[in-house]
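Chemist: The structure under discussion is supplied below as structure tokens; questions concerning it will follow.
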Amino acid sequence: MYSGAPISVPDALLHAFVLEDAASRGDKPALIDGASGRTVTYADLASGVERVAAGLAARGFGPGDVFGILSPNLPEYPIAFHGVLRAGGTATTMNPLSSADELAHQLADSGARFLLTVPPFLETAREAADRAGVEEVFVFGEASGATPFAELMGETSGAPDLSGLDPREALAALPYSSGTTGLPKGVMLSHRNLVANVVQFEAVDDATPEDVLIAVLPFFHIYGMTLLVNAALRNGQTVVSMSRFDLVEFLQLMQDHKVTKAFLVPPILVALAKHPLVAEYDLSSLQRIVSGAAPLGEDLAGAVHKRLGCEVKQGYGMTEASPVTHFVPADVQNWTKYGSVGPVVAGMDAMLVDVDTGEEVASGARGELWVRGPNVMRGYLGNDEATAHTLDADGWLHTGDVAVADADGDFTIVDRVKELIKYKGYQVPPAELEALLLSHDSIADAAVIPVPDEEAGEIPKAYVVLKPDHKMSEADVIAFTADNIAPYKKVRQVAFTDQIPKSASGKILRRLLVAQDRGA
Ligand code: 4UV
């Protein structure tokens, strides 16, 4: 077993912990909209959160209630997120690329009472909200058919007394993750889980209020939520937000705002290593790039370091762990173990376990990574079976990732035993695509596996069995998935076959299919 240094987690609610020093930071910019330069100061943030909470309380929203946020990164996003928490409620953060079906599922499953979106997504949001029985839809700005977010912020006082709320029990966030198997599920993260992960991250980070971060990773995903919203705002950093990735805009913002630290995913490092435009910008302020959410090639990391001259380090985590469990500490100099995600963070235990026997493996051997600590979720919402499958009685979270640890206690992720596909760091659950494919009139059976891809990391490939006398082309299958789910989840390769390999109990033999595909 590997154990991080002990930590003490304050008994605080997340918004109170994150915003502890916000009001006293006054006019210092907390968030800047990359596209327009619109700024939310720390004072705006502190007062905005109180106003949102007061407006929600006036609408009878409070502890036990869920609020959906469906928005790209905007400087006001953290005001909404922490405002919901300050009202005693839970935020379920949603991927803006989702289809109406996906949104309706998340809204209904989480029992969301309210939904906040932006005008361009309102039509899809409204459809999903109506289907899921959401009571009121808000928009940043204005659009017909929704209440302006500004209306929620009309009251300056009236935020409730939350002294009765237990940070260990109350849920702060409910992001969705497919975990090791099946469809996306609500990950119950308590205030304590998320406070703990900020403390754990701070123990390995060297944040200062002089730091400027670029927020190109989405705030709705746990990587952005914890590092770019919670840790950054707790530490008085300035966050430059981007609502979508565009390489030119990204480079321009890094240069103009003198960004010091960048949390990224491997596909952006591919662009930084290779794209000719990168040479035209002055990125000398950049001290460190952290890559996470998907495997980072050693050569790629080395190439980025060589080209930009900044540190390149990795973090590793998952939604179910709030998310950070491994991180290369900021105080480690001249780090060149580019393939490694570093040691387990403070306050956590980690163990590598033989997948077949459940026994701890010998030092240096591969095993499934299990982690345990105060940042591990309370469970999946309304799904005890999936919770029991992932969290064991001793509190170990079975990550579904295979890792090795070296003599220094630095871990390297080498494989994945769970079903998940990661497209550019985004979750693509094969079970969701398989269920969709099976709903097509011409498809008798289907299985979806990851195929390596240089830019995206992995892409989903469908093996499809057609019904007798039915015809579909590869393009038909791809178009059918593209029409029904978020664009990043669509099937990108198709193979037609006579039979999907399955176990006696009917489970798809994914490893066999992957091996056959690699040999094909
Ligand atoms: O649940 P999720 O979508 O969560 C994430 C979280 C990424 C983070 C978190 C904290 C960090 O400091 C950081 O750098 C990145 O993506 O997906 C979880 C799965 O993503 C894969 C792995 O399969 C997880 O179970 N994954 C995440 N980070 C890495 C990774 C990595 N560095 N290398 C390989 N796979």
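The values are calculated or read from the model by the stated rules, or taken from the named source; none is laboratory data. Remember, predicted model here, so these are calculated numbers, not experimental data. Positions of Cβ are generated from backbone atoms using ideal geometry, with glycine treated the same way; all protein chains shown enter the neighbour counts.
Chemist: I'm trying to understand the selection: among the residues of the range 349-371, which are over 16 Å from Asp415 (Cβ atoms) and in contact (Cβ under 8 Å) with a residue 12 or more places away in the chain?
Modeler: Selection gives Asp349, Ala350, Met351, Glu360, Ser363, Val371.
Chemist: Filter the range 259-268 for residues that are part of a strand (DSSP E or B) and among the aliphatic types (A, V, I, L, M); which is nearest to the ligand (Cβ to nearest atom)?
Modeler: Checking each candidate, the answer is Leu264.
Chemist: A further question follows. All but one of (1) in contact with a His (Cβ under 8 Å, 6 or more places away or on another chain); (2) surrounded by 15 or more Cβ atoms within 10 Å (Cβ to Cβ) hold for Asp441, so report the exception by its number.
Modeler: All conditions are met except number (2).
Chemist: Considering only the range 208-243, how many residues are touching a helix residue (DSSP H, G or I) at 6+ places or on another chain (Cβ under 7 Å), within 15 Å of the ligand (Cβ to nearest atom) and outside any helix (DSSP H, G or I)?
Modeler: The total comes to 7.
Chemist: Are any of the residues in the range 133-150 under 25 Å from Val344 (Cβ atoms) and touching a residue at least 60 places away in the same chain (Cβ under 8 Å)?
Modeler: Within the range 133-150, none of the residues are under 25 Å from Val344 (Cβ atoms) and touching a residue at least 60 places away in the same chain (Cβ under 8 Å).
Chemist: A further question on this structure: What number of residues within the range 1-27 satisfy the criterion of being assigned to a helix (DSSP H, G or I) and either under 25 Å from the mean Cα position of the chain (by Cα) or hydroxyl-bearing (Ser, Thr, Tyr) (or both)?
Modeler: Selection size over the range 1-27: 6.
Chemist: For the range 269-286, indicate whether the set of residues that are away from the ligand (no atom under 12 Å from the Cβ), within 30 Å of Gly400 (Cα to Cα), of a type in the set (A, V, I, L, M) and in contact (Cβ under 8 Å) with a residue 60 or more places away in the chain is non-empty.
Modeler: Taking every residue of the range 269-286 in turn, at least one turns out to be away from the ligand (no atom under 12 Å from the Cβ), within 30 Å of Gly400 (Cα to Cα), of a type in the set (A, V, I, L, M) and in contact (Cβ under 8 Å) with a residue 60 or more places away in the chain.
Chemist: Pick from the range 3-51 the residues that are touching a residue at least 60 places away in the same chain (Cβ under 8 Å) and in contact with an Asp or Glu (Cβ under 7 Å, 6 or more places away or on another chain): which of them is nearest to Val328 (Cα to Cα)?
Modeler: Ranking the candidates gives Ser3 first.
Chemist: Let me ask something else about it. Got a sec? Which of Asp246, Asp205 is in the same structural domain as Ala112 (by TED's automatic domain parsing), of a type in the set (Asp, Glu) and within 13 Å of the ligand (Cβ to nearest atom)?
Modeler: After applying the criteria, what remains is Asp205.
Chemist: Another question about this same structure. Applying the selection to the range 304-332, what residues are out of contact with any strand residue (DSSP E or B) (no Cβ under 9 Å at 6 or more places or on another chain) and either at negative phi or surrounded by 18 or more Cβ atoms within 10 Å (Cβ to Cβ) (or both)?
Modeler: Answer for the range 304-332, where residues must be out of contact with any strand residue (DSSP E or B) (no Cβ under 9 Å at 6 or more places or on another chain) and either at negative phi or surrounded by 18 or more Cβ atoms within 10 Å (Cβ to Cβ) (or both): Lys306, Arg307, Asp331.
Chemist: Still on this structure, please answer the following. Just one of the numbered conditions (1) surrounded by 21 or more Cβ atoms within 10 Å (Cβ to Cβ); (2) closer than 24 Å to Ile7 by Cα; (3) under 20 Å from the mean Cα position of the chain (by Cα) is not true of Gly379; which one?
Modeler: With (1) surrounded by 21 or more Cβ atoms within 10 Å (Cβ to Cβ); (2) closer than 24 Å to Ile7 by Cα; (3) under 20 Å from the mean Cα position of the chain (by Cα) applied to Gly379, the lone miss is (1).
Chemist: Here is a list of conditions, (1) over 19 Å from Phe327 (Cβ atoms); (2) more than 10 Å from the ligand (Cβ to nearest atom); (3) modelled with pLDDT of 95 or more, and Gly400 meets all of them except one; can you say which number that is?
Modeler: It is condition (2) that Gly400 fails.
Chemist: Among the listed residues Gly186, Gly182, identify the single one that is among the small types (Gly, Ala, Ser), within 16 Å of the chain's Cα centre (by Cα) and not in a helix (DSSP H, G or I).
Modeler: Gly186
Chemist: Could you please find all residues in the range 375-426 being farther than 22 Å from Lys313 by Cα and in a strand (DSSP E or B)?
Modeler: Answer for the range 375-426, where residues must be farther than 22 Å from Lys313 by Cα and in a strand (DSSP E or B): Gly379, Tyr380, Leu391, Leu397, His398, Gly400, Ile421.
Chemist: Let me ask something else about it. All but one of (1) over 26 Å from Ala456 (Cβ atoms); (2) assigned to a helix (DSSP H, G or I) hold for Leu253; which doesn't?
Modeler: (1)
Chemist: Same structure, new question: Exactly one condition in (1) part of a loop (DSSP other than H, G, I, E, B); (2) assigned by TED's automatic domain parsing to the domain that holds Leu174 is not met by Glu368; state its number.
Modeler: (1)
Chemist: Just to be sure I understand the filter: pairs with C-beta atoms under 8 Å, separated by 6 or more residues or on different chains, first member in the range 288-315 and over 13 Å from Leu264 (Cβ atoms), second member assigned to a helix (DSSP H, G or I) and within 14 Å of the ligand (Cβ to nearest atom). Which pairs pass?
Modeler: If the second residue must be assigned to a helix (DSSP H, G or I) and within 14 Å of the ligand (Cβ to nearest atom), the pairs left are Pro295/Pro266; Gly297/Pro266.
Chemist: Taking Ile508 as the residue in question, decide whether it is under 14 Å from Ala447 (Cα atoms), modelled with pLDDT under 95 and crowded, with 18+ Cβ neighbours inside 10 Å.
Modeler: Judged against the criteria, Ile508 is a match.
Chemist: Only one residue in Gly88, Gly37 is surrounded by 20 or more Cβ atoms within 10 Å (Cβ to Cβ), at positive phi and over 21 Å from the mean Cα position of the chain (by Cα). Which one?
Modeler: Answer to the check: Gly88.
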